[in-house]
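Let me begin by presenting the structure, written as structure tokens, before commenting on it.
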């Protein structure tokens, strides 16, 4: 299992999760208008910190690429697999530290570290587009050949927001 991101990204996410709030009504309308009902159910099943991060990632994409709704969808949905772990901020931090130390984990820690493939499976089941599925699956790894390098760079940058 690989660690879920770069250390500086994880530090920002840690502090961001402590301040996270449920998306405001304007953002809720964006989610409703952009996602299918099945995708929206996955989005809203996430912890509030992941909802907030998804919206921030979406906003970063749309700020730079306002016509790329496909990239915005992928940004909103990329972390939906984290809900399988049921870990809070401290549990996620412990799982990440163990992964960085190359210590094998199981159970909820393993689910958290495998959130990309879990989320991709959820999105596949929901009938999502290949870009959203692909970014969810691989967003902590190397760019897969099936995703355009420019699109990948935009999405990875947005994930760092």
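The values are calculated or read from the model by the stated rules, or taken from the named source; none is laboratory data. Everything quoted here is computed from the prediction, not taken from an experiment. Please note: Cβ atoms are built from the backbone with ideal geometry, for glycine as well, and neighbour counts cover all protein chains shown.
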Among the residues of the range 96-111 satisfying the criterion of being in contact (Cβ under 8 Å) with a residue 24 or more places away in the chain and in a helix (DSSP H, G or I), which is surrounded by the fewest Cβ atoms within 10 Å (Cβ to Cβ)?
-> 100
Can you tell me which residue within the range 129-147, out of those that are closer than 21 Å to residue 54 by Cβ and in a loop (DSSP other than H, G, I, E, B), is nearest to the chain's Cα centre (by Cα)?
-> 139
Filter the range 45-76 down to residues that are surrounded by fewer than 16 Cβ atoms within 10 Å (Cβ to Cβ) and within 17 Å of residue 115 (Cβ to Cβ) and give me whichever is modelled with the lowest pLDDT.
-> 48
Output yes when any residue across the range 76-93 is over 30 Å from residue 29 (Cβ atoms), touching a residue at least 12 places away in the same chain (Cβ under 8 Å) and outside any helix (DSSP H, G or I), and no when none is.
-> no
Scope the range 135-161; condition surrounded by 13 or more Cβ atoms within 10 Å (Cβ to Cβ) and either in contact with a strand residue (DSSP E or B) (Cβ under 7 Å, 6 or more places away or on another chain) or touching a residue at least 60 places away in the same chain (Cβ under 8 Å) (or both); matching residues | 135, 136, 139, 140, 151, 154, 155, 157, 158, 159, 160, 161
